[in-house]
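Asker: Structure provided below as structure tokens; questions to follow.
The values are calculated or read from the model by the stated rules, or taken from the named source; none is laboratory data. These figures come from a predicted structure and were not determined experimentally. Note that we place each Cβ from the backbone using ideal geometry, even for glycine, and neighbour counts take in every protein chain shown. Remember, those area values only see protein heavy atoms, side chains included, never the ligands or the DNA or RNA. Shrake-Rupley method; radii C 1.70, N 1.55, O 1.52, S 1.80 Å.
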Amino acid sequence: VFVLAVILIITFISNGANLTDGLDGLAAGSSAIIGTTLGVLAYISGNLIYSDYLNIMYIPRSGEMTIFISAFAGALVGFLWYNTYPAQIFMGDVGSLSLGASLGTIAVITKQEILLVLVGGLFVMEALSVIFQVGFFKMTHGRRIFRMAPLHHHFELKGWSEPKVIVRFWIIAIALALL
């Protein structure tokens with residue numbers, strides 16, 4: 001059961017990151033925020049004193065993942081330097097799928113799978129918007145919930161500029177990380 005749960009978690013978050021990668025820097029900035037949050041949790045989980053004080057499960061040597069997570073977040077910030085609106089470099093499916101898979105793997109290793117649903121709520125929201133849109137479209141034979149799925153394109157079609165959508169979604173990601 002655990003193996004199936006891990007496969008589902010990593011696949012869902014990976015596809016959520018892929019669906020979020022539709023605007024310049026949206027997936028990369030969100031992944032940096034989510035990754036940093038998971039990095040803090042990995043560090044706390046690997047420290048006996050902090051994990052005991054904050055009542056977080058102690059996982060020996062999980063703090064070592066903060067090296068990878070720091071490089072992960074740093075690479076994303078470097079990528080954002082060239083990928084903010086208007087983008088000069090495109091990540092594509094290979095990049096966005098691997099971002100989500102990395103975040104899912106970190107969550108599984110640090111035993112934060114359920115918390116990933118909250119921290120990675122932006123990816124969950126984007127994936128669910130596509131699932132709901134496709135399901136509703138098929139059930140009602142052509143009617144839509146959103147103007148376009150994934151959700152960030154819905155707001156673009158409502159007249160929001162691309163940078164406005166990106167920054168507001170980053171703010172949502174920060175709020176979810178703080179929760």
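Asker: Within the stretch 72-87, which residues are assigned to a helix (DSSP H, G or I) and over 11 Å from A27 (Cβ atoms)?
Answerer: So the first thing to find is which residues in the stretch 72-87 are assigned to a helix (DSSP H, G or I), and the list is 72-83.
Within the stretch 72-87, F72, A73, G74, A75, V77, G78, W81, Y82 meet the criteria.
Asker: Related question: Could you list all residues from the stretch 32-56 that are open to solvent by 70 Å² or more (accessible area, probe 1.4 Å) and assigned to a loop (DSSP other than H, G, I, E, B)?
Answerer: L54, N55
Asker: Right, something else. Quick check on A27: is it open to solvent by less than 10 Å² (accessible area, probe 1.4 Å) and either under 20 Å from G95 (Cβ atoms) or part of a loop (DSSP other than H, G, I, E, B) (or both)? Talk me through it step by step, then tell me what you get.
Answerer: Details: open to solvent by less than 10 Å² (accessible area, probe 1.4 Å): yes; either under 20 Å from G95 (Cβ atoms) or part of a loop (DSSP other than H, G, I, E, B) (or both): yes.
Criteria met by A27.
Asker: Also: Among the residues that make up the stretch 22-40, is at least one of them touching a Pro at 6+ places or on another chain (Cβ under 8 Å), in contact (Cβ under 8 Å) with a residue 60 or more places away in the chain and acidic (D, E)?
Answerer: yes
Asker: How many residues are over 22 Å from the mean Cα position of the chain (by Cα) and surrounded by 15 or more Cβ atoms within 10 Å (Cβ to Cβ) if we restrict to the stretch 57-83? Explain how you work it out, then say what you get.
Answerer: Within the stretch 57-83, the first condition is being over 22 Å from the mean Cα position of the chain (by Cα), and the residues that meet it are 57-61.
Now drop any that are not surrounded by 15 or more Cβ atoms within 10 Å (Cβ to Cβ), which leaves 59.
Going through the stretch 57-83 one residue at a time, the tally reaches 1.
Asker: Show the residue pairs that are 6+ apart or on different chains and have beta-carbon atoms under 6 Å apart, the first residue being within the stretch 58-71 and without any contact (Cβ under 8 Å) to a residue 40 or more places away in the chain, the second being assigned to a helix (DSSP H, G or I) and not small (G, A, S).
Answerer: Y58/L48; G63/Y43; T66/Y43
Asker: Sort out which residues of the stretch 10-21 are open to solvent by less than 40 Å² (accessible area, probe 1.4 Å) and closer than 20 Å to V167 by Cβ, and write them in order of number.
Answerer: Result: G16, A17, T20.
Asker: Output the number of the condition that S14 fails; it satisfies all remaining conditions of (1) assigned to a helix (DSSP H, G or I); (2) modelled with pLDDT under 95.
Answerer: Of (1) assigned to a helix (DSSP H, G or I); (2) modelled with pLDDT under 95, only one is false for S14: (2).
Asker: Those residues that are of a type in the set (F, W, Y) and under 15 Å from F132 (Cα atoms), I need them from the stretch 143-158; list them, please.
Answerer: First, pick out the residues of the stretch 143-158 that are of a type in the set (F, W, Y): 146, 155.
Residue satisfying the conditions is F146 alone.
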